[in-house]
Amino acid sequence: MDTQLNFRLLRLKEVLYLTGISSSTHYLHIQQGLMVKPVSLGANSSAYPLFEIETINAARIAGKDQNEIKVLVTTLMENRINII
């Protein structure tokens, strides 16, 4: 496990600020596999791991195409069970 990961959880408003997209585009990206799904915090609450958002942003900055980002998002989602 990478001990440098930032396990801070972000609410949607922070994610939208960091990604620079609207909420409708954010949810479209989730449907398209271009953004990770939120982590449930309870019955009516969810959040996103900061390191996942930062990783996706870094991939976009690096010029990765949509297919590469979809693979990255799939990997991030699969790796959630291996964090601890």
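Surface composition of the chain: carbon and sulfur atoms hold 55% of the protein heavy-atom accessible area at a 1.4 Å probe.
The fraction of Cα-Cα pairs per 10 angstrom bin, counted from 0 for the range 20-79, comes to 22, 57, 19, 2 percent, rounded to whole percents.
Entry note, the range 18-84: relative contact order of 32 percent, from Cα contacts under 8 Å with a spacing of 6+ residues.
Given 37 °C and 0.692 mPa s, how large is the Stokes-Einstein diffusion coefficient of the range 1-50 in µm²/s, with Rh as the Kirkwood radius over Cα pairs? Let's see the in-between values first.
Working: Rh = 11.7 Å.
Stokes-Einstein gives a translational diffusion coefficient of 280 µm²/s.
The values are calculated or read from the model by the stated rules, or taken from the named source; none is laboratory data. All of these numbers come straight from a predicted model, not from anything done at the bench. Note: accessible area is taken over every heavy atom of the protein model, side chains too, but ligands, DNA and RNA are not part of it. Shrake-Rupley method; radii C 1.70, N 1.55, O 1.52, S 1.80 Å.
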